[in-house]
1. Based on the Cα coordinates of the range 36-131, what is the per residue volume of their convex hull in Å³?
2. For the chain, what is the accessible area per residue in Å² when the probe is 1.4 Å?
3. Please check: in the Gaussian network model of the chain (C-alpha springs, under 10 Å), which one of ALA123, ALA188, ALA40 has the largest mean-square fluctuation.
4. Given the rule -39500 (n - 2.57) for each run of at least 4 DSSP H residues, summed and divided by the residues of the chain, what is its mean residue ellipticity at 222 nm, to the nearest 500 deg cm²/dmol?
5. Find out how many positive minus negative residues lie around TRP5, taking Lys and Arg as positive, Asp and Glu as negative, among other residues whose Cβ is under 15 Å from that of TRP5.
6. What do the square roots of 5 times the Cα gyration tensor eigenvalues come to for the range 1-75, in whole Å, largest first, as semi-axes of the equivalent ellipsoid?
7. Could you check which residue among GLY75, GLY90, GLY115 shows the biggest mean-square fluctuation in a GNM of the chain with a 10 Å Cα cutoff?
8. To the nearest 10 square angstrom, what accessible area does ASP225 show with a 1.4 Å probe?
Amino acid sequence: MGDWWYQNIYEPGKLPLLLALASFVLTFVITRVITRLIRAGKGPFGNVTTGGVHIHHVIPGVILTVVGGFGSVAGGGHGFGSGACAVLFGMGVGLVLDEFALILHLDDVYWSEQGRQSVEVVAVTAALVGLVLLGFLPFGVNDLSENELQDRGAAISSVVGNFLIALLALSKGKTRLAIFGVIVPLIALIGAIRLARPGSPWAKRFYRRRPRARARSSLRAYRHDRRWSGPRRRLEDWIGGRPDPTPKSGATPRP
């Protein structure tokens with residue numbers, strides 16, 4: 001275990017990244033526990049207000065992100081200070097992304113259906129950082145040999161090719177596959193060779209005069225959503241809490 005830690009975490013300089021990821025996930029979990037307790041009216045916690053203005057936790061999140069980010073850059077990535085700044089940065093990102101939906105919609109949608117976007121963004125972010133921590137690099141750079149890395153033409157061709165594959169998957173409406181495909185190109189390749197989702201730019205451009213392709217695309221999307229939407233919603237409810245059954249007409253005070 002000690003050899004693995006030294007070779008894969010300490011020697012490559014990934015300890016700050018590990019600290020940032022751990023603090024990010026832990027902060028998100030603690031924040032969700034507290035907000036769910038406040039929502040249920042349990043525990044000693046309550047909303048933070050000043051001068052009649054509700055202070056969302058994205059505000060301290062932004063402050064921690066700025067302090068941790070600039071501190072980490074100034075520290076040069078080494079020593080106790082760099083590790084401490086990585087923890088602050090992870091905490092700040094956890095608080096900010098927990099209210100990603102609020103930033104996106106410019107409205108307090110924390111306990112609405114739109115609020116599920118925050119949970120999904122946090123899960124995707126944690127997974128991507130985890131892959132980088134395990135040694136994966138964007139666009140398959142980690143798969144290049146030493147000779148290929150020294151050959152700039154081969155390296156650039158590989159990066160551009162993987163980027164185009166991820167872009168193709170994105171144009172087909174495979175957003176999650178495209179995002180993860182940036183780190184693991186094989187995932188993007190799966191999205192690139194499969195049928196495009198209805199309404200995607202690829203479907204609008206190339207399926208317009210192909211009714212059979214449109215029908216197959218719609219049927220496959222329906223089956224996929226029917227199979228996975230239920231389990232995904234239950235998982236999101238378990239992680240972030242179940243949204244309000246009916247949309248609120250106005251903003252609801254909450255953390």
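The values are calculated or read from the model by the stated rules, or taken from the named source; none is laboratory data. Computed from a predicted structure; not experimentally measured. Heads up, the Cβs are rebuilt from the backbone with ideal geometry, glycines too, and the neighbour counts pull from every protein chain shown. Ligands, DNA and RNA are excluded from the accessible area calculation, which covers all protein heavy atoms including side chains. Shrake-Rupley method; radii C 1.70, N 1.55, O 1.52, S 1.80 Å.
1. Numbers: hull volume 13.5 nm³, N = 96.
Cα convex hull per residue, to the nearest whole number: 140 Å³.
2. Numbers: 15800 Å² over 255 residues.
Accessible area per residue: 62 Å².
3. ALA40
4. Working: 12 runs with 171 residues, N = 255.
Result for the chain, helices only: -21500 deg cm²/dmol.
5. On the way: positive: LYS14; negative: ASP3, GLU11.
Spelling it out: positives minus negatives among the neighbours equals -1.
6. Numbers: eigenvalues 232, 65, 7 Å².
Over the Cα atoms of the range 1-75, the semi-axes work out to 34, 18, 6 Å.
7. GLY75
8. 60 Å²
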